[in-house]
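Student: Before I ask anything, let me first share the structure, which is written out below as structure tokens.
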Amino acid sequence: MTRYPPPILDPRIPPGPLAEKWRNRRASGRLVAPANRRRYEIIVVGSGLAGASAAATLGGLGYRVRCFCYQDSPRRAHSVAAQGGINAAKNYRNDGDSIDRLFADTMRGGDFRAREANVWRLAEVSNAIIDHCVAIGVPFAREYGGMLDNRSFGGALVSRTFYARGQTGQQLLLGAYAQLNQQIAAGTVTMHPRTEMLDLVTVADGNGTRHAKGIVTRHLVTGEIRAWAADAVVLATGGYSNVFFLSTNAIGCNATAIWRAYRRGAGFANPCFTQIHPTCIPPHGEGQSKLTLMSESLRNDGRVWVPKDPADCDKDPLAIPEDRRDYFLERRYPAYGNLVPRDIASRAAKAVCDEGRGVGPLVGGLRRGVYLDFTESEARYGHDAIVARYGNLFEMYESITGEDAHRRPMRIYPAPHYTMGGLWVDYDLMSTIPGLFVIGEANFSDHGANRLGASALMQGLGDGYFILPVTLPDYLARSGPSSVTPDDPDFHSVLADVRARVDGLLAVSGTRSARSFHAELGRILWDRCGMSRNAEGLAKAIEEIGELRRAFWSDLRIPGKGEELNTELERAGRVADFLELGELMCRDAMMREESCGAHFREEHQTEDGEAARDDERFAHVAVWFDQGEAPPVRVIEPLTFSAIAPAPRSYR
């Protein structure tokens, strides 16, 4: 694989005051005439909220779109698992919300490690997202008088989260899916389910600059490996929390699309910025395959506590009197209480469990759980009101644990959930490879070192419905229709690389399953690059992952063939990429010698155990570029702040 020198990072932020930048960008962008749009073909990889909304919108504009997903239907995209809600600065509650406040909360929540121009734009388009979703029939919860209802999420002192009971992501995806189906029926979008992207194809222009012009895929039922050409490629493939093996992500979620783009020259930004969600069902044993999210929205009405005395941890929670309970989030953070940001709540929960005050069964010699108690809320609002807000979440909890959270407190514990890192993109959402656009969780752009709850759906739909349809046509208008086809030499070269990689996996003929390697990688990363990190542990992790990679390529066993349905082959390819990504995460965490947001270096903390940023040395985006067998190169994009000065986060 040919290596190219890292480019100079240019975020291409429009001129003008912060509040006018997006308007200026829309006004200055070049357009493609309606009659000419059918001359352009666009590939969209991923059919979750970001991918489905982008494909439907671009198809509706008249472009020819091919949308790929590895699921059997776009409806199965992992966006359905987003439960709690979507943020917008509507201020329906008249409680002081505004675009400025949503912007400030997002910057502060991300610990001032996000590009402020992108964050302002996200806050600005948030209201249009709600209007659009209502127009297409998304059944948001409403108050008695018919107005859309809101609830609160972590890191905010206002109620700005719109929701559909405990299934907001599913309802939003159904809305986007309906629009996607409309364009499929109209012939502007061609859907390719059960098809996984395995590599990116780049082609040099007359100046030698390589542009993204296609992808190589494998059909998961037939095993057919095929190349597809287009004028631009959009990656909307989500995050990489499954690198930890146990996470709240669906088991099929993977990083292969963005990792293959990285190996082809795209910069990877802030890979160590991974979010641990505090409100998940605790692990129950060694044989578990995934973890289950319980929505952050539950912390609106549930109170988090553990026993004050470790001797009470194995008692029935209903038998522990009020004066023997420690509502530790309310005690430590009285201003925000149980709705502090996720990184803070997760570390606090882990700390009390590490002290020996966790609850639930022993797992690995430790009780990994804290209580989330709704007794007080049910007494205040009534049982029916709590059921109306969260009923399906309580049902899901009972089906998994066998416990009724209306009768006894839920048990929750932090788990890997979201990744703020991803492929670097400029203001137009284009990566360092021209023609390769990256949207939603697959890019790095909007959340800094920690994402606030209910902002993932906002970003995915903002990127797909309102931002990409403005910025991508500018690229197409400047580059013109492409004449490349899958018969070009660059496509043949990448096809050969993919076939060789698949054959190489099948040829190892060892003794261990890909799952066993994935589980071992997950343990390494959780222990050494999880909720807290230190230099010694990260160095050890890099060493251990290197040894694990060598074992993988010498002792992997995949039954079956490549020309058939082979789920073990699918998993092995994804795990091979996770092994490389896991090492890059640790390198990035090692180089960032500060604590910020979800990146908590134990050597860099305040006297009271909070994250200690180093703005002088690390107020930047760290972007990594692959160098083949040589160590990757780290390049930085300095962050500047004009609207809100970086300050220590305080939620007390």
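Student: Filtering region 439-466 down to residues that are among the aliphatic types (A, V, I, L, M) and touching a helix residue (DSSP H, G or I) at 6+ places or on another chain (Cβ under 7 Å), which residue is surrounded by the fewest Cβ atoms within 10 Å (Cβ to Cβ)?
Tutor: L452
Student: While we're here: Tally the residues that are among the basic types (K, R) and either over 13 Å from D490 (Cα atoms) or crowded, with 21+ Cβ neighbours inside 10 Å (or both), restricting the search to region 198-225.
Tutor: First, pick out the residues of region 198-225 that are among the basic types (K, R): 210, 213, 218.
Within this subset, residues satisfying the condition of being either over 13 Å from D490 (Cα atoms) or crowded, with 21+ Cβ neighbours inside 10 Å (or both) are 213, 218.
The total comes to 2.
Student: Shifting gears a bit: Determine if region 158-168 includes at least one residue that is part of a loop (DSSP other than H, G, I, E, B) and touching a Pro at 6+ places or on another chain (Cβ under 6 Å).
Tutor: There is at least one residue in region 158-168 that is part of a loop (DSSP other than H, G, I, E, B) and touching a Pro at 6+ places or on another chain (Cβ under 6 Å).
Student: R93: charged (D, E, K, R), open to solvent by 10 Å² or more (accessible area, probe 1.4 Å) and assigned to a loop (DSSP other than H, G, I, E, B), yes or no?
Tutor: Values: charged (D, E, K, R): yes; open to solvent by 10 Å² or more (accessible area, probe 1.4 Å): yes; assigned to a loop (DSSP other than H, G, I, E, B): yes.
Yes; evaluated as a whole, the condition is true for this residue.
Student: Sort out which residues of region 35-65 are among the β-branched types (V, I, T) and over 12 Å from G464 (Cα atoms), and write them in order of number.
Tutor: Residues satisfying the conditions are I42, I43, V45, V65.
Student: Within region 553-571, is even one residue in contact with a strand residue (DSSP E or B) (Cβ under 7 Å, 6 or more places away or on another chain), farther than 20 Å from L246 by Cβ and open to solvent by 10 Å² or more (accessible area, probe 1.4 Å)?
Tutor: Yes, some residue in region 553-571 is in contact with a strand residue (DSSP E or B) (Cβ under 7 Å, 6 or more places away or on another chain), farther than 20 Å from L246 by Cβ and open to solvent by 10 Å² or more (accessible area, probe 1.4 Å).
Student: While we're here: Scan region 477-496 residue by residue and report those that are farther than 13 Å from A212 by Cα, of a type in the set (D, E, K, R) and either touching a residue at least 12 places away in the same chain (Cβ under 8 Å) or surrounded by 11 or more Cβ atoms within 10 Å (Cβ to Cβ) (or both).
Tutor: R478, D488
Student: On to the next question. Please indicate, with yes or no, whether at least one residue in region 345-356 is outside the structural domain of M591 (by TED's automatic domain parsing), open to solvent by less than 10 Å² (accessible area, probe 1.4 Å) and farther than 21 Å from S532 by Cα.
Tutor: So the first thing to find is which residues in region 345-356 are outside the structural domain of M591 (by TED's automatic domain parsing), and the list is 345-356.
Those still in the list that are open to solvent by less than 10 Å² (accessible area, probe 1.4 Å) too: 345-346, 348-349, 352-353.
Checking which are farther than 21 Å from S532 by Cα leaves us with none.
Checked against the condition, which is being outside the structural domain of M591 (by TED's automatic domain parsing), open to solvent by less than 10 Å² (accessible area, probe 1.4 Å) and farther than 21 Å from S532 by Cα, region 345-356 yields no hits at all.
Student: Identify the residue in region 501-542 that is of a type in the set (K, R) and closer than 30 Å to E594 by Cα and, among all such residues, is surrounded by the most Cβ atoms within 10 Å (Cβ to Cβ).
Tutor: Going residue by residue through region 501-542, those that are of a type in the set (K, R) are 501, 512, 515, 523, 528, 533, 540.
If we keep only those that are closer than 30 Å to E594 by Cα as well, we get 523, 528, 533, 540.
Numbers: R523: 15, R528: 21, R533: 25, K540: 15.
Among those residues, the one meeting the criterion is R533.
Student: Taking region 278-288, which residues are open to solvent by less than 50 Å² (accessible area, probe 1.4 Å) and closer than 15 Å to V363 by Cα?
Tutor: Listed by number, the residues that qualify are I281, P282, P283, G285, Q288.
Student: Which residue pairs have Cβ atoms closer than 7 Å, lie 6 or more positions apart in sequence or on different chains, and pair a first residue in region 67-82 that is more than 21 Å from F162 (Cα to Cα) with a second residue that is acidic (D, E) and modelled with pLDDT of 95 or more?
Tutor: Correct list of pairs: Y70/E196.
Student: Failed condition for A311, given (1) open to solvent by 10 Å² or more (accessible area, probe 1.4 Å); (2) under 21 Å from G440 (Cβ atoms), with all others met?
Tutor: Among (1) open to solvent by 10 Å² or more (accessible area, probe 1.4 Å); (2) under 21 Å from G440 (Cβ atoms), A311 violates only (2).
Student: Report yes if some residue within region 357-376 is open to solvent by 30 Å² or more (accessible area, probe 1.4 Å), more than 21 Å from A405 (Cβ to Cβ) and touching a Leu at 6+ places or on another chain (Cβ under 8 Å); otherwise report no.
Tutor: No.
Student: Here's another thing I want to ask about it. Taking A379 as meeting all but one of (1) touching a residue at least 60 places away in the same chain (Cβ under 8 Å); (2) exposed (fewer than 15 other Cβ atoms within 10 Å of the Cβ); (3) hydrophobic (A, V, I, L, M, F, W, C); (4) in a helix (DSSP H, G or I), write down the number of the exception.
Tutor: All conditions are met except number (1).
Student: Separate question: Tell me yes or no: at least one residue of region 594-615 is in contact (Cβ under 8 Å) with a residue 40 or more places away in the chain and either under 27 Å from I225 (Cβ atoms) or part of a helix (DSSP H, G or I) (or both).
Tutor: yes
Student: Suppose we filter R75, R38, R64 for residues that are at pLDDT below 95 and among the charged types (D, E, K, R); which single one remains?
Tutor: That would be R75, the only listed residue that is at pLDDT below 95 and among the charged types (D, E, K, R).
Student: Within region 180-256, considering only strands (runs of 3 or more DSSP E) that don't extend past its boundaries, which have at least 1 residues that are over 25 Å from the mean Cα position of the chain (by Cα) and not assigned by TED's automatic domain parsing to the domain that holds S516?
Tutor: The qualifying strands (runs of 3 or more DSSP E) are 189-192, 195-204, 210-219, 225-229.
Student: Let me ask something additional. Working only within region 184-197, note down all residues that are open to solvent by 30 Å² or more (accessible area, probe 1.4 Å) and touching a Ser or Thr at 6+ places or on another chain (Cβ under 7 Å).
Tutor: Once the filter is applied, which keeps residues that are open to solvent by 30 Å² or more (accessible area, probe 1.4 Å) and touching a Ser or Thr at 6+ places or on another chain (Cβ under 7 Å), region 184-197 yields only P193.
Student: Mind counting the residues in region 125-145 that are assigned to a helix (DSSP H, G or I) and either hydroxyl-bearing (S, T, Y) or closer than 17 Å to R451 by Cα (or both)?
Tutor: Qualifying residue count, region 125-145: 1.
Student: Is it true that D497 is more than 30 Å from A388 (Cβ to Cβ) and either in contact with a helix residue (DSSP H, G or I) (Cβ under 7 Å, 6 or more places away or on another chain) or among the polar types (S, T, N, Q) (or both)?
Tutor: When the stated conditions are applied, D497 does not pass them.
Student: Another question about this same structure. Restricting to region 500-528, give me the number of residues that are hydrophobic (A, V, I, L, M, F, W, C), in contact (Cβ under 8 Å) with a residue 60 or more places away in the chain, in contact with a helix residue (DSSP H, G or I) (Cβ under 8 Å, 6 or more places away or on another chain) and more than 22 Å from R226 (Cα to Cα). Step through it out loud before you land on a result.
Tutor: Applying the first criterion (hydrophobic (A, V, I, L, M, F, W, C)) to region 500-528 yields 500, 502, 505-508, 514, 517, 519, 521, 524-526.
In the following step, the residues that additionally are in contact (Cβ under 8 Å) with a residue 60 or more places away in the chain were identified as 502, 505-506, 514, 517, 519, 521, 525-526.
Going one step further and asking which of them are in contact with a helix residue (DSSP H, G or I) (Cβ under 8 Å, 6 or more places away or on another chain), we end up with 502, 505-506, 514, 517, 521, 525-526.
Add one more test, that the residue is more than 22 Å from R226 (Cα to Cα), and what stays is 514, 517, 521, 525-526.
The number of residues fulfilling the criteria is 5.
Student: Something else: Looking at region 583-601, can you tell me whether even one residue there is over 25 Å from T256 (Cβ atoms) and of a type in the set (S, T, N, Q)?
Tutor: Yes - at least one qualifying residue is present in region 583-601.
This table checks each residue for (1) under 21 Å from G365 (Cα atoms); (2) of a type in the set (D, E, K, R).
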{"residue": "Q275", "(1), (2)": "no, no"}
{"residue": "L293", "(1), (2)": "no, no"}
{"residue": "R299", "(1), (2)": "no, yes"}
{"residue": "P307", "(1), (2)": "yes, no"}
{"residue": "L318", "(1), (2)": "no, no"}
{"residue": "E322", "(1), (2)": "no, yes"}
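Student: Residues in region 274-312 that are among the aliphatic types (A, V, I, L, M), in a helix (DSSP H, G or I) and closer than 20 Å to A456 by Cα: how many? Spell out how you get there, then give the answer.
Tutor: Let us first name the residues in region 274-312 that are among the aliphatic types (A, V, I, L, M), namely 276, 281, 291, 293-294, 298, 304, 306, 311.
Cutting the leftovers down to in a helix (DSSP H, G or I) gives us 298, 311.
Of the ones still in play, those that are also closer than 20 Å to A456 by Cα are 298.
Qualifying residue count, region 274-312: 1.
Student: To continue, here is another question. May I ask you to list the residues in region 302-333 that are in contact with a Pro (Cβ under 9 Å, 6 or more places away or on another chain) and small (G, A, S)?
Tutor: Within region 302-333, G302 is the sole residue that qualifies.
Student: If you don't mind, another one. Pick from region 55-81 the residues that are touching a His at 6+ places or on another chain (Cβ under 9 Å) and surrounded by 24 or more Cβ atoms within 10 Å (Cβ to Cβ): which of them is farthest from T222 (Cα to Cα)?
Tutor: Filtering first and then ranking leaves C67.
Student: Identify, from the list L423, L393, L436, the residue that is in contact (Cβ under 8 Å) with a residue 40 or more places away in the chain, surrounded by 19 or more Cβ atoms within 10 Å (Cβ to Cβ) and under 25 Å from T168 (Cβ atoms).
Tutor: Details: L423 fails: under 25 Å from T168 (Cβ atoms); L436 fails: under 25 Å from T168 (Cβ atoms).
When all the criteria are applied, what remains is L393.
The values are calculated or read from the model by the stated rules, or taken from the named source; none is laboratory data. Everything numeric in this text was worked out from a predicted model, so none of it was measured. Don't worry about glycine lacking a Cβ; one is built from the backbone with ideal geometry, like all the others, and counts go over all protein chains shown. Please note that ligands, DNA and RNA were not included when accessible areas were found on the heavy atoms of the full protein model with its side chains. Shrake-Rupley method; radii C 1.70, N 1.55, O 1.52, S 1.80 Å.
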